[in-house]
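*Asks:* The structure's right below; bear with me while I get my questions together.
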Amino acid sequence: MTNDVEIYKNSLRELLRDPRVRKMKEYAQHKTSNSLKHSIHVAMASFDLAESLHIKINEEVLAVGALLHDYYLYDIQESGFSDYKHGTKHPKTALDNAIKDFQVNRKEQNIIRSHMWPLTLFHIPRSKEAWIVSVADKYCAFKEVFGKRRNK
Ligand SMILES: [Fe+2]
Ligand SMILES: [Fe+2]
């Protein structure tokens, strides 16, 4: 293994114990998912991607960035935003919320802010971890939208 899965899972577990993180469960996402389920999915896919490409990552940074990348905490339907508007706006909202509620460092902040790149033109992933989350997010969203529905 290239990275330490125990450090990674412990960082995820710690975040998942927080009721503010678990609140993401209330917000539907990609029709078949919710923000919490999607974020866990992205976190697992991010670690798997790093492992399969033998990319050494900072486990804690990747865990925080992946799990909080969609910490925008609003209902897309009720927001009245178009898909495009939500797509361009939610990384900033997620980042503002993450800064308010958690001690996110600059690297973690960039992961959250740039995960929709290239939609967010000027917010480019600036680390291996940010690139991984951006790719894993697109992969998971694609699976959630087009994949077979599974009861998991
Ligand atoms: Fe997102
Ligand atoms: Fe996402």
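The values are calculated or read from the model by the stated rules, or taken from the named source; none is laboratory data. This structure is a prediction, so every number in the text was calculated from the model and none was measured. In this analysis, Cβ positions are derived from the backbone assuming ideal geometry, glycine residues included, and neighbour counts consider all displayed protein chains.
*Asks:* Please determine whether any residue of region 56-63 is over 16 Å from residue 9 (Cβ atoms), in contact with a Ser or Thr (Cβ under 6 Å, 6 or more places away or on another chain) and away from ligand 1 (no atom under 16 Å from the Cβ).
*Replies:* Within region 56-63, one or more residues are over 16 Å from residue 9 (Cβ atoms), in contact with a Ser or Thr (Cβ under 6 Å, 6 or more places away or on another chain) and away from ligand 1 (no atom under 16 Å from the Cβ).
*Asks:* Closer than 16 Å to residue 137 by Cα and surrounded by fewer than 15 Cβ atoms within 10 Å (Cβ to Cβ): does that describe residue 80?
*Replies:* no
*Asks:* Restricting to region 88-145, name every residue that is within 11 Å of the chain's Cα centre (by Cα) and of a type in the set (Ser, Thr, Tyr).
*Replies:* Within region 88-145, 114, 134 qualify.
*Asks:* Which count do you get for residues in region 108-122 that are closer than 19 Å to residue 83 by Cα and within 13 Å of ligand 1 (Cβ to nearest atom)?
*Replies:* Total meeting the criteria: 8.
*Asks:* Can you pull out every residue in region 36-51 that is in contact with a Leu (Cβ under 8 Å, 6 or more places away or on another chain) and more than 14 Å from ligand 2 (Cβ to nearest atom)?
*Replies:* 47, 50
*Asks:* Separate question: Any residue in region 67-94 that's without any contact (Cβ under 8 Å) to a residue 12 or more places away in the chain and farther than 30 Å from residue 8 by Cβ: show its pairings with residues that are away from ligand 2 (no atom under 13 Å from the Cβ) and in a helix (DSSP H, G or I) at Cβ separation under 7 Å, as long as the two are six or more apart or on different chains.
*Replies:* 81/89
*Asks:* Examine region 26-33 for a residue that is under 16 Å from residue 111 (Cβ atoms) and either out of contact with any helix residue (DSSP H, G or I) (no Cβ under 8 Å at 6 or more places or on another chain) or among the aliphatic types (A, V, I, L, M) (or both), and state whether such a residue exists.
*Replies:* no
*Asks:* When region 93-141 is examined, which residues are found to be more than 14 Å from ligand 2 (Cβ to nearest atom) and of a type in the set (Lys, Arg)?
*Replies:* 100, 106, 107, 126, 128
*Asks:* Does residue 33 satisfy the condition of being away from ligand 2 (no atom under 14 Å from the Cβ), within 15 Å of the chain's Cα centre (by Cα) and of a type in the set (Gly, Ala, Ser)?
*Replies:* no
*Asks:* Confirm whether residue 112 is modelled with pLDDT of 95 or more, under 23 Å from residue 10 (Cα atoms) and in a loop (DSSP other than H, G, I, E, B).
*Replies:* Judged against the criteria, residue 112 is not a match.
*Asks:* Could you tell me which numbered condition residue 91 fails, if it satisfies all but one of (1) assigned to a helix (DSSP H, G or I); (2) crowded, with 17+ Cβ neighbours inside 10 Å; (3) out of contact with any Ser or Thr (no Cβ under 6 Å at 6 or more places or on another chain)?
*Replies:* Here residue 91 clears every test but (3).
*Asks:* With touching a residue at least 40 places away in the same chain (Cβ under 8 Å) and closer than 18 Å to residue 137 by Cβ as the only criterion, which of 15, 36 stands out?
*Replies:* Selected residue: 15, the only one of 15, 36 that is touching a residue at least 40 places away in the same chain (Cβ under 8 Å) and closer than 18 Å to residue 137 by Cβ.
*Asks:* Tell me which of these residue 13 doesn't satisfy, since it passes every other one: (1) surrounded by fewer than 14 Cβ atoms within 10 Å (Cβ to Cβ); (2) within 12 Å of the chain's Cα centre (by Cα).
*Replies:* All conditions are met except number (2).
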